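Student: Below you'll find the structure I mean.
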Amino acid sequence: MKQIKPMIILAAIFFLVILLIPTLLVIPFIEKESEPLTNEENKKAEQSEVQKSPGSQLDVDVGVYRSQSEQVETLPLEEYLVGVVAAEMPAEFELEALKAQSLAARTYTVQKLMNRANAGLPEGADITDTVNDQVYLSEKELKKHWGKEYEWKIKKVKEAVKKTQGQILTYNNKPIDATFFSTSNGYTENSESVWSNSIPYLKSVESHWDTKSPKFKNEKMMSISEFEQKLGVNISQSTDIGDIISKTPGKRVDYVKVGDKKIAGTVVRNKLNLSSADFTWKRENDHIVIETKGYGHGIGMSQYGANGMAMEGKSYKDIVTHYYTGVAIAGSDQYVAQLTAKK
């Protein structure tokens with residue numbers, strides 16, 4: 001019996017150890033899962049959720065003035081954005097470029113609604129459907145425009161809008177004026193080079209991807225008389241049309257001198273209806289031949305540049321933060337809530 005007791009005790013100890021081992025292995029993991037996040041970790045987690053989440057479920061209606069019918073069409077913000085992105089950017093573009101366009105369009109719209117900058121529009125209208133704001137096409141118009149390609153194109157555009165839902169671009173916690181254009185001359189432009197005010201997030205940045213755009217180079221020809229009449233100059237028989245005096249940060253014409261007249265590059269562009277303010281010209285007999293680089297005013301996001309970035313694997317976040325200097329991607333909840341409250 002004296003020899004049996006030690007054996008029983010050892011067996012009991014062995015049995016207890018076997019029971020305790022799983023518990024000892026699990027305890028460290030249970031404790032780790034229950035540890036509270038630090039303030040910094042919480043902050044990062046919240047920021048991550050803003051970026052990854054489909055976003056706010058709040059919505060606000062947009063009154064769109066339809067220029068052709070001269071009627072106001074009212075529809076939810078996200079539905080309106082589908083019509084804008086589909087009209088403003090080719091559906092063939094990369095998804096990340098379409099997402100960048102969605103984010104810019106949403107930001108532009110929210111900023112417009114908050115500022116109520118709808119002077120000259122009829123009652124109930126917040127925004128136009130033209131290039132004065134953002135081009136918009138309805139579902140019926142898109143079906144006619146796209147024909148047999150409607151289904152895959154609208155699906156892609158809707159995906160881009162949905163994946164950025166609830167997100168806008170801000171600077172100093174305010175929605176930005178997210179302007180965009182087709183094609184740069186290799187650089188975007190400072191806002192003050194085209195408009196009267198300097199906007200900190202609309203600064204000239206390099207955009208080499210645009211050289212692949214079909215709109216990168218354009219040529220226009222006009223008669224001497226038309227050239228003189230539109231610019232209010234007289235070049236007579238001179239082969240020397242004028243000299244470029246200065247250029248902008250975006251490598252466009254700042255001022256040009258024709259005879260004794262000094263003219264801003266943006267004025268020349270508007271009066272001669274040029275594709276860009278980056279132009280050169282020459283006289284050929286009784287005509288003026290003008291070559292331009294780029295298409296559009298050059299401020300903000302280049303659409304062809306955005307697609308070029310996306311083709312290189314850049315995300316829509318990379319794209320918008322490249323073209324809009326110093327901006328943040330923020331949740332739109334508080335801004336949309338303010339608009340909803342006002343209405």
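The values are calculated or read from the model by the stated rules, or taken from the named source; none is laboratory data. Every value quoted in this text rests on a predicted model; they were computed, and no experiment measured them. Here the Cβ is made from the backbone with ideal geometry for all residues, glycine too, and neighbour counts use every protein chain on show.
Student: Condition first: surrounded by fewer than 16 Cβ atoms within 10 Å (Cβ to Cβ) and part of a helix (DSSP H, G or I). Now tell me which residues in the range 119-142 satisfy that.
Tutor: Residues satisfying the conditions are 139, 140.
Student: Restricting the search to the range 199-209, which residues are surrounded by fewer than 17 Cβ atoms within 10 Å (Cβ to Cβ) and not charged (D, E, K, R)?
Tutor: 200, 208
Student: Let me ask something else. Please specify each residue of the range 262-287 satisfying the condition of being over 27 Å from residue 214 (Cβ atoms) and in contact with a helix residue (DSSP H, G or I) (Cβ under 8 Å, 6 or more places away or on another chain).
Tutor: Result: 263, 283, 286.
Student: Right, next: Working only within the range 161-180, note down all residues that are of a type in the set (Lys, Arg) and surrounded by fewer than 18 Cβ atoms within 10 Å (Cβ to Cβ).
Tutor: Selection gives 162, 174.
Student: If you take the residues of the range 83-117 that are more than 14 Å from the chain's Cα centre (by Cα) and either buried (at least 24 other Cβ atoms within 10 Å of the Cβ) or not assigned by TED's automatic domain parsing to the domain that holds residue 143 (or both), which of them is nearest to residue 317 (Cα to Cα)?
Tutor: Filtering the range 83-117 for residues that are more than 14 Å from the chain's Cα centre (by Cα) and either buried (at least 24 other Cβ atoms within 10 Å of the Cβ) or not assigned by TED's automatic domain parsing to the domain that holds residue 143 (or both), the one nearest to residue 317 (Cα to Cα) comes out as 83.
Student: In addition: Take the residues in the range 182-196 that are of a type in the set (Ser, Thr, Tyr) and more than 18 Å from the chain's Cα centre (by Cα); name whichever of them is modelled with the lowest pLDDT.
Tutor: Only one residue fits best here, namely 196.
Student: Right, another one. Working carefully through the options 268, 258, 253, find the one that is of a type outside the set (Lys, Arg), more than 20 Å from residue 203 (Cα to Cα) and modelled with pLDDT of 95 or more.
Tutor: 268
Student: Given 212, 217, which one is of a type outside the set (A, V, I, L, M, F, W, C), closer than 26 Å to residue 276 by Cβ and surrounded by fewer than 16 Cβ atoms within 10 Å (Cβ to Cβ)?
Tutor: 212
Student: Something else now. Quick one: which residue in 314, 251, 262 is at positive phi and surrounded by fewer than 21 Cβ atoms within 10 Å (Cβ to Cβ)?
Tutor: 251
Student: Would you tally the residues in the range 65-82 being under 18 Å from residue 131 (Cβ atoms) and surrounded by 20 or more Cβ atoms within 10 Å (Cβ to Cβ)?
Tutor: 3
Student: For a quick check of your reading: which strands (runs of 3 or more DSSP E) sit entirely within the range 198-284 and have at least 1 residues that are within 37 Å of the chain's Cα centre (by Cα) and touching a residue at least 60 places away in the same chain (Cβ under 8 Å)? Quick ask: steps written out before the conclusion?
Tutor: Working: elements: 217-223, 243-247, 253-258, 261-264, 279-284.
By residue number, 217-223, 253-258.
Student: Tell me, yes or no, whether the range 153-160 has at least one residue that is in the same structural domain as residue 332 (by TED's automatic domain parsing), in a loop (DSSP other than H, G, I, E, B) and buried (at least 19 other Cβ atoms within 10 Å of the Cβ).
Tutor: Taking every residue of the range 153-160 in turn, none turns out to be in the same structural domain as residue 332 (by TED's automatic domain parsing), in a loop (DSSP other than H, G, I, E, B) and buried (at least 19 other Cβ atoms within 10 Å of the Cβ).
Student: If residue 288 satisfies every condition in (1) in contact with a strand residue (DSSP E or B) (Cβ under 6 Å, 6 or more places away or on another chain); (2) at positive phi; (3) not aromatic (Phe, Trp, Tyr) but one, which is the exception?
Tutor: The one condition residue 288 does not meet is (2).
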